[in-house]
Amino acid sequence: MAQLIKDGALCENSWIRITPEDAEGIPANGDIIVSLSCWQEQKDALKDHNGKVAVCLSPGQEPAELADDLADLPMIAIDFPMFADGRGYSYARELRTRYAYQGEIRAVGDVLQDQLFYMWRCGFNAFDIRADKDASEALKGLNDFTVTYQADARDPRPIYRRQPA
Amino acid sequence: MSDRLFPNKLAGYLEYMYVYQDYDQRLLDERVAQFRDQTQRYLDGKLAEEEYRPLRLQNGLYVQRYAPMLRVAVPYGMMASPQLRMLAHICRTWDKGYCHVSTRQNIQFNWPELQDVPDILEALASVQMHAIQTSGNCIRNTTTDEFAGVNAKEIDDPRPWCELIRQWSTFNPEFAYLPRKFKIAVNAVPDEDPALIGVHDIGVQIVKNAQDETGFQIWAGGGLGRTPMTGEVIGEFVEPRYLLAYLEAVLRVYNKYGIRDNKYKARIKIIVKAMGRDKFRELTEREFAELKDGPITLTEQEMERMRASFPAPSYSSLKDLPEALEQALSSSKAFSRWYHTNTRAHKQSGYRAVTLTLKKTGRVPGDITDEQLDVVADLADRYSFGELRTTHQQNMVLADVRQDELFDLWQALDSLGLATPNLKLLTDIVACPGGDYCSLANAKSIPIAEAIQHRFEDMDYLHDLGELDINISGCMNACGHHHIGHIGILGVDKKGREYYQITLGGRGDKVSRIGDKMGPSFESDEVADVVEKIVKLYVELRHDDELFIDTYERVGMEPFKERIYGPAN
Ligand code: HEM
Ligand code: SF4
């Protein structure tokens with residue numbers, strides 16, 4: 001069953017996440033998500049990888065660490081080891097606003113229905129829903145609200161700069 | 001939502017406070033639906049306890065000793081009479097006939113059933129009320145001076161700014177999962193701190209610069225609880241249009257660098273101290289530089305819309321001290337005492353602001369019943385433009401009462417038990433729910449408050465003592481703000497027994513100051529004696545009309561310590 005929600009719909013996940021522990025055994029082919037340390041150590045080798053390469057930021061690893069690499073990265077994953085650790089929200093916003101990053105930003109880890117709306121507003125456009133949850137149920141979380149007060153990734157204007165409806 | 005339990009009861013009300021637009025209402029309705037669904041999924045076992053917990057907390061729902069506790073937001077402490085009636089209705093229908101005014105101007109219900117909460121929220125939404133972000137690790141209700149708009153000393157009305165902050169913080173997607181709770185307060189009175197900005201995560205002090213322009217001095221890093229601290233100024237003068245940009249900058253720094261692996265170190269105060277104010281300010285300024293002049297900058301139109309949302313009520317032109325008032329003052333000693341203690345000067349001549357004290361001896365400090373709420377709503381309609389405020393000292397305020405109607409109002413309040421003339425006096429005790437309700441408590445607070453009140457029943461003596469704040473918390477979470485009581489009382493656990501530690505010299509009036517610990521703690525039946533001894537010594541030591549806090553600041557802790565514990569060797 002598909003666990004990935006991308007741009008508002010369920011879809012198959014072509015990416016394999018390589019955790020720091022199995023960084024040794026990077027597969028020869030296929031799209032891979034590597035840790036920041038793996039990327040920093042093997043950047044040059046990874047550029048020749050037969051498949052796409054994305055980097056995963058963990059809490060404490062800020063987008064600034066990837067500032068020079070953004071053009072090379074089709075996707076940045078942001079890990080939520082626990083959904084209550086909200087640093088990733090600021091990282092996604094920074095990627096979209098400060099760095100004007102246009103690629104995919106994917107939430108991975110403890111990713112659940114009731115946080116999707118906030119994540120989406122912060123600039124995430126893909127969500128790898130936690131394996132034990134029903135992703136088609138979780139999808140509903142993207143539509144919790146039709147009203148927002150603040151600027152967000154969908155609308156850069158806060159409510160007081162939007163045209164009156 | 002068309003299937004509301006209640007039709008919107010606010011038509012024609014809310015003339016003097018922010019009125020919801022359609023979109024504000026829609027947001028609330030969508031929130032009710034969302035929370036109903038979350039609660040249903042939890043009850044159906046689809047949401048694990050630890051997944052539901054932060055969701056219910058962000059909606060003010062704690063699980064307590066006996067039942068859940070639901071905290072309802074009262075933005076900057078302002079309510080209209082239909083909202084009071086709705087609170088009364090909730091007390092009757094889903095609770096045990098009373099509710100509680102909290103130390104952050106909110107309202108708490110002690111006995112709702114979890115499965116009823118969605119219905120309660122729907123009822124609240126019909127009068128533009130909610131429980132959004134009243135708990136949990138997010139931005140909480142913004143508080144201010146309960147006399148905002150009528151305080152002759154304020155340099156601007158803080159409420160429009162509070163409402164702007166309310167909207168910016170409501171479901172702000174970036175700041176829903178902060179390291180810890182985050183509280184903002186706004187003050188517009190120079191040289192006084194009626195909103196306690198000094199002990200808030202962010203304090204916004206409205207100031208004038210040398211060119212007489214209004215702006216904001218931003219404080220950060222205050223907070224009570226474990227390791228209480230007062231905040232420090234990090235922004236000297238933020239222009240009004242940049243208020244939200246600056247706040248967003250502070251929150252982003254906090255969200256990124258706040259401590260997450262130890263909840264006792266997770267408040268902003270700890271990182272402001274740890275990295276130092278200058279470093280914190282530098283990080284904030286860096287974020288601010290990017291946000292400044294971006295879309296978050298407030299438009300003139302929006303600032304004007306907010307100002308216009310809090311117009312002065314349609315006052316009559318009246319003079320101060322009308323004959324009716326003079327007569328009542330000279331003929332009734334009881335009225336006169338109440339007038340001097342529980343009412344205060346007003347911006348508008350011919351009016352006074354009246355505090356309803358919820359501190360009658362034998363009643364839980366801050367509690368109010370459904371019947372009282374209903375009558376207070378009627379009194380608000382009749383005497384104060386249909387509007388009422390809550391205070392962080394757990395009282396209520398009718399802000400705009402004609403002086404020639406004060407006597408009638410007093411009679412009505414007196415028969416309700418809401419005219420005890422003890423505002424700011426020793427028996428106007430602030431106390432958290434404590435061990436009677438709270439599962440985190442080390443000790444009870446309510447019986448201690450009551451024991452002290454019984455000890456000081458002589459009104460003449462109380463008035464002779466003058467202003468004296470007593471604050472009681474049942475544990476170091478400090479919900480009763482004990483650190484800023486002139487006398488602070490803290491419940492501690494000693495080998496499974498309830499003990500109380502006493503602090504002296506805290507204050508939350510002109511400035512915020514954290515009290516000093518007196519010494520070893522006391523058993524529950526000793527506390528009232530100790531307070532009595534402290535007060536007696538103060539009476540011996542005071543010069544003329546010197547207040548307790550001033551005497552304490554003059555003589556220091558030693559004499560008190562010696563009186564209570566005997567001479568040091
Ligand atoms: C579960 C039962 C609890 C009850 C009944 C309770 C009650 C209260 C009340 C009435 C207030 C005023 C707050 C407001 O209206 O927003 C408050 C504030 C506060 N609460 Fe609680 N609370 C509880 C749990 C907690 C917990 C779990 C903590 C922290 C671990 C905590 C720490 C505080 C602190 C520190 C303040 C105010 C002081 C500050 O600004 O630092 N409370 N609480
Ligand atoms: S101070 Fe402690 S005992 Fe009192 S309400 Fe707060 S958490 Fe409970």
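The values are calculated or read from the model by the stated rules, or taken from the named source; none is laboratory data. Small disclaimer: the values here were computed from a predicted structure and weren't measured. Note that we place each Cβ from the backbone using ideal geometry, even for glycine, and neighbour counts take in every protein chain shown. These accessible areas exclude ligands, DNA and RNA; they are computed on the full protein's heavy atoms, side chains included. Shrake-Rupley method; radii C 1.70, N 1.55, O 1.52, S 1.80 Å.
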- Query: Under the rule of -39500 (n - 2.57) per DSSP H run of 4 or more residues, summed and divided by the residues of chain A, what mean residue ellipticity at 222 nm is obtained, to the nearest 500 deg cm²/dmol?
  - Reply: -6500 deg cm²/dmol
- Query: Rounded, prolate or oblate: which one fits segment B:61-189, using the alpha carbon gyration tensor with axes a ≥ b ≥ c (rounded when a/c is under 1.5, else prolate when a/b beats b/c, else oblate)?
  - Reply: oblate
- Message: Charges at C-beta only: +1 for Lys and Arg, -1 for Asp and Glu. How large is the resulting dipole of segment A:16-147 about its Cα centre, in Debye rounded to 20?
- Response: 520
- Task: Project the alpha carbons of chain B onto their principal axes and report the range along each, largest first, in whole Å.
- Result: 60, 60, 58
- Given q = 0.11, 0.15, 0.17 Å⁻¹, what are the Debye log10 I(q)/I(0) values for segment B:143-308, with equal point scatterers placed on the Cα positions and solvent ignored? -0.42, -0.80, -1.03
- Task: Give me the accessible area buried between chains B and A, both sides summed, with a 1.4 Å probe, in Å² rounded to the nearest 100.
- Result: 3500
- In peptide A:85-95, what is the residue-averaged number of other protein chain Cβ atoms found within 10 Å of each Cβ? 6
- Which of B:Ala131, B:Tyr98, B:Val511 sits closest to the plus end of the dipole of chain B, meaning its Cα is farthest towards the positive end, when Lys and Arg get +1 and Asp and Glu get -1 on the C-beta? B:Ala131
- Message: With a 1.4 Å probe and all protein chains left in place, how much accessible area per residue does segment A:54-165 have, in Å²?
- Response: 37
- Using the Kirkwood radius built from alpha carbon pairs, what does the Stokes-Einstein equation give as D for segment B:387-452 at 25 °C and 0.890 mPa s, in µm² per second? 174
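Give me the orientation-averaged projected area of the Cα convex hull of segment B:323-412, in nm², one decimal. Please list the in-between numbers first.
Details: hull surface 23.9 nm².
Over all viewing directions, segment B:323-412 projects a mean Cα-hull area of 6.0 nm².
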- Query: Where does each of B:544-554, A:147-157 land if you order them by average Cβ count within 10 Å, highest first?
  - Reply: A:147-157, B:544-554
- Note on the structure: Of B:176-189, B:48-61, B:206-219, B:374-387, ordering from highest average Cβ density within 10 Å down gives B:176-189, B:374-387, B:48-61, B:206-219
- Gyration tensor (Cα only) of segment B:375-416 to equivalent ellipsoid, semi-axes in Å sorted down, yields 16, 12, 10
- Task: Take peptide B:257-264, look around each residue's Cβ out to 10 angstrom, count Cβ atoms belonging to other protein chains, and average those counts.
- Result: 2
- Of A:Lys43/B:Lys273; B:Lys181/B:Lys292; A:Lys52/B:Lys279; A:Lys43/A:Lys140, pairs whose Cα-Cα distance is over 28 Å: A:Lys43/B:Lys273; A:Lys52/B:Lys279; A:Lys43/A:Lys140
- Stokes-Einstein D in µm²/s, Kirkwood radius over Cα pairs - segment B:126-171 at 4 °C with 1.567 mPa s viscosity: 107
- If you put +1 on each Lys and Arg Cβ and -1 on each Asp and Glu Cβ, how big is the dipole of segment B:257-333 around its Cα centre, in Debye rounded to 20? 760
- What part of the accessible area of chain B, given as a whole %, is carbon or sulfur when the probe is 1.4 angstrom? 48
- Given the pairs B:Lys360/B:Lys495; B:Lys533/B:Lys561; B:Lys183/B:Lys269, which span a C-alpha to C-alpha distance of over 22 angstrom in this model? B:Lys360/B:Lys495
- Message: In the protein assembly as shown, if the dipole is taken from +1 on Lys/Arg beta carbons and -1 on Asp/Glu beta carbons about the Cα centre, which of A:Leu70, B:Leu87, B:Leu418 is farthest to the positive end?
- Response: A:Leu70
- A correct Kirkwood calculation over the Cα atoms of the protein assembly as shown returns a hydrodynamic radius in Å of 27.3
- Net charge dipole size for chain B [Lys, Arg +1 and Asp, Glu -1 on Cβ; Debye, nearest 20]: 1700
- Task: Please quote Rg/Rh for segment A:1-145 to two decimal places, taking the Kirkwood radius as Rh and restricting both calculations to Cα atoms.
- Result: 0.95
- Specify the inter-centroid distance of segment B:208-287 and segment B:121-135, based on alpha-carbon positions, in whole Å. 29
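Taking only DSSP H segments of four or more residues, each worth -39500 (n - 2.57), what value at 222 nm results for chain B once the sum is divided by all its residues, to the nearest 500 deg cm²/dmol?
Mean residue ellipticity, 222 nm, calculated: -11000 deg cm²/dmol.
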- Answer rounded, prolate or oblate for segment A:1-66, using the Cα gyration tensor with square roots of eigenvalues a ≥ b ≥ c: rounded when a/c is under 1.5, else prolate when a/b is larger than b/c, else oblate. oblate
- On average over all directions, what projected area in square nanometres does segment B:430-565 have, based on the convex hull of its Cα atoms? 7.8
- Within 10 Å of each Cβ in peptide A:154-161, how many partner chain Cβ atoms are there on average? Round it to a whole number, please. 5
